[in-house]
Amino acid sequence: MRPSSILFLTLTLLALVGATANAAEPVGPKLPPQVRSLLVQEMNAILDASEAILGAIVRGQDDVVATKAQAIHDSFVLRQEMTAENRKAFMEAVPPSFVKRDRAFHRLTAELAAAAREENRVRQRRLYAEMIEACTACHSRYASDRFPRLQ
Ligand code: HEC
């Protein structure tokens, strides 16, 4: 085999392995409809709050950042308080890695709220950037059916 063919094969294999490692496994379709709808509701609330946070960060409104970041954090708490049945269905449908990512995301929002209360604006901007990374990372991994362009 010519070295160029070997290189081509190796690159193709690497690309395939990479694609498999990032293989999308959307969680939405695995959820019972009413649980999926709760997740979508939470996501829209998160989006609204994130937009408000951006507007507040660029204006130096620490109090608004604190309130909105806390609201995102608390939407997680709301989900924790789903009926036992819904919660069970949710936990059974999503892989542990999704739950871990979700918790890490919500921890970030608590840190952002704290940075805002401390009026630490450099930290707010850093955490906000990390938050947006966390949104897109989770969407590209677990919502590929909804956002195929994130692949
Ligand atoms: C731990 C995973 C995870 C994180 C973190 C996450 N999302 Fe999502 N998001 C999802 C999933 C899964 C869906 C698709 C739900 C479905 O199946 O319809 C979704 C859907 C959405 C939608 C579409 C809702 C609709 O109307 O259908 C929006 C908007 C959204 N997310 C915003 C955000 C924003 C903004 C952030 C970060 C600030 C974020 N999400 C962080 C998992 C996540």
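Quick notes on this structure:
- Cα gyration tensor category, rounded, prolate or oblate, for the stretch 83-151 with a/c compared to 1.5: oblate
- Heavy-atom surface of the stretch 33-143, accessible at 1.4 Å and reported per residue (Å²): 56 Å²
- Separation of alpha-carbon centers, the stretch 91-121 and the stretch 31-52, rounded to whole Å: 15 Å
- By accessible area, using a 1.4 Å probe on protein heavy atoms only, the stretch 33-143 has 56% of its surface on carbon and sulfur.
The values are calculated or read from the model by the stated rules, or taken from the named source; none is laboratory data. Note that the structure is a prediction, hence the values are computed from the model and not measured. Just the protein is used for accessible areas: all its heavy atoms, side chains included, with ligands, DNA and RNA removed. Shrake-Rupley method; radii C 1.70, N 1.55, O 1.52, S 1.80 Å.
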